[in-house]
1. Looking only at the protein assembly as shown, where both bridge partners belong to it, what percent of the DSSP beta bridges are antiparallel (to the nearest 5)?
2. Report, in listed order, any pair from A:Lys84/A:Lys609; A:Lys84/B:Lys133; B:Lys84/B:Lys609; A:Lys133/B:Lys65; A:Lys84/A:Lys133; A:Lys65/A:Lys192 with a Cα-Cα distance greater than 31 Å.
3. Per q in 0.11, 0.17 Å⁻¹, report the Debye log10 I(q)/I(0) for region A:240-425, using one uniform scatterer on each alpha carbon and no solvent.
4. Note down the net charge around B:Val175, summing +1 for each Lys or Arg and -1 for each Asp or Glu among other residues with Cβ under 12 Å from its Cβ.
5. How about region B:13-105: which GluC sites (Glu not before Pro) there lie in a loop by DSSP and see at most 14 other Cβ atoms within 10 Å?
6. Starting from the Cα of A:Asp439, move 7 Å in the Cα-to-Cβ direction to define the label point; list residues of region A:5-44 whose amide nitrogen is under 19 Å from there.
7. Which percent of the accessible area of region B:22-432 is formed by carbon and sulfur heavy atoms (probe 1.4 angstrom)?
8. If you count the DSSP beta bridges with both ends in chain B, what percent of them are antiparallel, to the nearest 5?
There are 2 protein chains.
Amino acid sequence: MPSAGPVRPTDRSSAALRPDASAVLTGDGLLGQRRAVNASVSIPQGPERLEEAGNLENLRAAARKESGEAFRGGYPFQDSDVHKWLEAAAWQLGDDSTATDPGLPDRVQEIVGLLRGAQDDAGYLNSYFMLAKPDQPRFTELVWGHELYTAGHLIQAAVAHHRATGRGELLDIAVKFADLIDASFGPEGSGKPIDRIDGHPEIETALAELYRETGERRYLDLAGYFVDAHGRGTLGSDTNHHMRLGYFQDHAPVREAKAVTGHSVRQLYLLAGATDVATETGDAELRAAVERLWAEMAARQTYLTGGVGAHHSDEAFGHPYELPNERAYCETCAAIASVQWSWRMALLTGDTRYSDLLERTLLNGVLCGVSLGGDRYLYDNPLHVRDGFADQEGAGGSHGEGDDGGGRRVGWFRCACCPPNVMRLLASLPSYVASTDADGLQLHQYAEGTVAGGGLALEVATRYPWEGRIALTVREASAGERTLSLRIPHWAREWTADVNGQAGAGIDGARSASPEGRGRETGGRDGGWLRITREWAAGDEVVLDLAMAPRLTEADPRVDAARGCAAIERGPLVYCVEAGDQPELGDGYGLDDLVLDVAAGLAAEWRPKLLDGVCVVTATARVRGRSGNAGWWPYGDVDAASGEVGEAVTLTAVPYYAWANRGVGAMRVWIPRV
Amino acid sequence: MPSAGPVRPTDRSSAALRPDASAVLTGDGLLGQRRAVNASVSIPQGPERLEEAGNLENLRAAARKESGEAFRGGYPFQDSDVHKWLEAAAWQLGDDSTATDPGLPDRVQEIVGLLRGAQDDAGYLNSYFMLAKPDQPRFTELVWGHELYTAGHLIQAAVAHHRATGRGELLDIAVKFADLIDASFGPEGSGKPIDRIDGHPEIETALAELYRETGERRYLDLAGYFVDAHGRGTLGSDTNHHMRLGYFQDHAPVREAKAVTGHSVRQLYLLAGATDVATETGDAELRAAVERLWAEMAARQTYLTGGVGAHHSDEAFGHPYELPNERAYCETCAAIASVQWSWRMALLTGDTRYSDLLERTLLNGVLCGVSLGGDRYLYDNPLHVRDGFADQEGAGGSHGEGDDGGGRRVGWFRCACCPPNVMRLLASLPSYVASTDADGLQLHQYAEGTVAGGGLALEVATRYPWEGRIALTVREASAGERTLSLRIPHWAREWTADVNGQAGAGIDGARSASPEGRGRETGGRDGGWLRITREWAAGDEVVLDLAMAPRLTEADPRVDAARGCAAIERGPLVYCVEAGDQPELGDGYGLDDLVLDVAAGLAAEWRPKLLDGVCVVTATARVRGRSGNAGWWPYGDVDAASGEVGEAVTLTAVPYYAWANRGVGAMRVWIPRV
């Protein structure tokens, strides 16, 4: 049985790859460790947080179905936190390899029961509208009401619950609600009353997944309708927020849009849904659109960490190459949405670049969103926190604490979209590891554990991403030739591979092992795949060894924010320097006074007790002198001496995903260079 | 009679300088030209815009005093646009040297009549609360209602009307409202019912000015109460926007605040009021606080243009040195508020640095806010608009058009705070030109016209800021020694001065004429003043000649956004490059592909027909090569070759204040340098 997880293209789909591999992540490798914390801390804590925030009380009040019951407070989409937690719990229940709270099945059943109790006879279920606006017709507050968004998360939770546990109670609730939506929404002439979209996408991918789970074609048709109903400006008429339509991606049809724009989570959930529809229908125009938009996002709107969404204002994508480091919004949910979309693109196309970005985003832009202890979160994930930030007065975020651009982790947010989103991604992570096709098995991500599918069952032994050696041992193989495809990550400059100790044996179509230039595309379907085709036998061993030397990275010069800077990377990990790790910095000097000496070498060192075990990278920097008399005005004549730098200090960099786990302080990813 | 204008410290105040000079700005110098357009286009258009936006209809509805009249729409502070326009019109009516609409006095009287009609018997006047919330007690919606902010603008308009025209109708209305406020607000134990502040400062400076105009001490006391009532968190209890208190400057008392923070216009209006109170009361602690906060703002939170407020989100100050160029919010109103505050500081202290920043902000950060034609405005004033911005989909502002960071000028805003603010500043500009003290006359700003006060009457002949020669001819002088003080601008690297053709005659206390380093402070009260003390006679001539060579400027290295860049300046003007002025740039290349050759020279050239007459500066840049195969990912290995640059092109830069007058396109102030 494949790992229970999202995105299950049907056999009738045009997907190049199938998701029917199973993977188990074991041991204390980075991903196994993060998943163990998710299962043992984050998910079990969820119901407490939902209780404290009033989410469950809202549902209880709705379930009582007595008039005069008040909405306990929160946003119109308050139920969606519950649904996302349920989805996370469901994936977790389908994973018997990771220890979780033994009471979890009961908590899930209890909350499913609440939802069943709250659903009305027509199938409608949303505690905000049922309690706060009982007399308002359904689906009339589409711009800011999030009714279909919230319904979409319910449907996704139900699909997860059914896929992971085989139980049908939640799916029944979701189907009843989906049928109400299907009866209510449709194009002009369809006989359905409402020809409009919700202000927040999510229903599109949810309906596509419901089609996959139930086989009911009309859910896919409705998903396609919602995708294509964007771009007609129907959200413009009753918005009183004066947002432009681009915020909602209602400015242009998905098929015609030139670039990702507007609210980043809305944009990426919509494109995940569009990709699902293109995958299932084989619609070439829609596929070309999502390929084009993904390429635009990756090349011009994505941070080194994989984070997306530059602006705090509107939580939105910026302009091409506008990627400010401080105040990089990089919402945790947007990184998760990027992972979800990239995986759909990987399955649709079979191209490794999608899993390249997925890996980068997961290990850097998503993992940073939850503390190492699993109980504190970040909403926004900047790439620079200034010296003195901790003393800064007043600068605030708008989602409560934890989104002020300074890495102050909190236990929950007033707008709590991110925490259960992290939970559901980590719980479903094994399904992003491998795929199959007619020829065999593809490994997209590397982590200690087992992978099976496409006629092969493998054991994976590796300390990746701390070490580059990945040893695969065949435990079972079906008869005949099978192709094992290994993704050579785009960051890998040198690598070797051998089969049963023989270098190159049966290896075909791989990229050159020589160092390559800046993200150069080698082209072709096999560009990033190392293919090994042979008759396999139990005990066969493949060793892929990716060179893991730490490296210095620079940005396209049009990325103004990284002008004249370098960043430290090692393997798939982006590094940062945190002020507390730099004892050589003198009193009164901070990270913003440093200049990286790019001619000096980098060194990596394993620190088992630091940050649950990380490989640190050390570099050499110089402390920029400061005039003792800088005056009242910070601008002056261009001065040839301004590039002069002072004494050398050793800098210690830690993986970005682990930042802000030891208090609030200055941090930099991009460091000015000599 | 001194020029009618704001800020009239009383004789009992502790101000170092008195505002009782009169100045007339004539001719077609830059400021004279901008004021003429303000008087002949912007101000006369005001009532039409206020009619279209519903502001006047709101007041008419309120004046009918019939129940059931509806608020015509707009913000709770909608009346403040009317008040600010009235203030502008009043200053204009007091200036008989500048041609304006002959119907202006009647329009003013008509609108004053509307206000009188709308005011209730208790003195209250606010069409939003009177129409939309007739049954709500006054002053209960303090966080977002802007009741005292709107009242403050009414009071300022009334002070202007009385000062400029001598008429009392509007002042009577304002006094009646101020007395209601005075009866309503006060500290615990005062017997007044409300011990809280308004979410948007403005009442503080308005009450201080009302004290100055009426002599009623209790208005000053109330202003002082409101200043010191900040920082107690009283705005925290009923905000539902989850803003931090710093947004409202309610996080710390003004006397204790370490740096400017939060919503920039709120912060600066508050500090203008605090400066008024410190000036009138001689409160040394409050004076030290405003001096400290101004220095923090100037050294760490101000753009090269004088613009302030880095964030679109919350329209707020950023962190120290966080000054992004693209998406620099730099609200026009914040620049105006900075000018208003700096002038108060200049009068209080006599220090030239305040007028240095004032000049920079006025000529760069404010003038850009209105089109050369006087009928189109910018809300935000970025320092960088990217190539391709004009084709960008969807990225939007939240105040209607004109605040999306791209320089799209519009005729009016939904939130129309900026246009009438520009009008009132330009209309009152003569009062920012000169001051007096017991010894004589100080010239703070240079423009063609006349200046009189402190026992001297001068004619000023100059083409400043296009040329650096300022010729002053004494028309009248009182008997005995008088000191003429001329501000040597902080940007001036070299200058000469002579009296009746004799270099140095009677010149005392000036700064060195040798070039100085980056903003170095020379210290002492006379630091920036050139003092000429003598017995003056009609016909005496003083010539100050400021060297106007264009220059390249760099930023403190902690200003990350300007890292590795230079900006072009000439005299007090900051320059920018606009894409349309660069015919040598090849097809497919844009401003973001340029690298400035700082070793090549700059040249200035007068272009009488360009942008109503500007001096352009030409520089040499090189076009950075682009890989033909940049790939899907914009980050790659640090590469020694990445600094290589291509062929030379001539760049033409125009003054920043004149940008975005020829359509939407790319623009840069800071240019990467070789």
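The values are calculated or read from the model by the stated rules, or taken from the named source; none is laboratory data. Small disclaimer: the values here were computed from a predicted structure and weren't measured. Here Cβ is always computed from backbone atoms with ideal geometry, including for glycine, and neighbour counts include all displayed protein chains. Side chains are part of the model used for accessible areas, which takes the heavy atoms of the whole protein and leaves out ligands, DNA and RNA. Shrake-Rupley method; radii C 1.70, N 1.55, O 1.52, S 1.80 Å.
1. 95 percent
2. Exceeds cut-off: A:Lys84/A:Lys609; A:Lys84/B:Lys133; B:Lys84/B:Lys609; A:Lys133/B:Lys65.
3. Here log10 of I(q) over I(0) equals -0.46, -1.06.
4. Summing Lys/Arg as +1 and Asp/Glu as -1 gives -4.
5. B:Glu66
6. Under 19 Å, as judged by backbone N against the label point of A:Asp439, lie A:14-21 of region A:5-44.
7. Carbon and sulfur together cover 48 percent of it.
8. 95 percent
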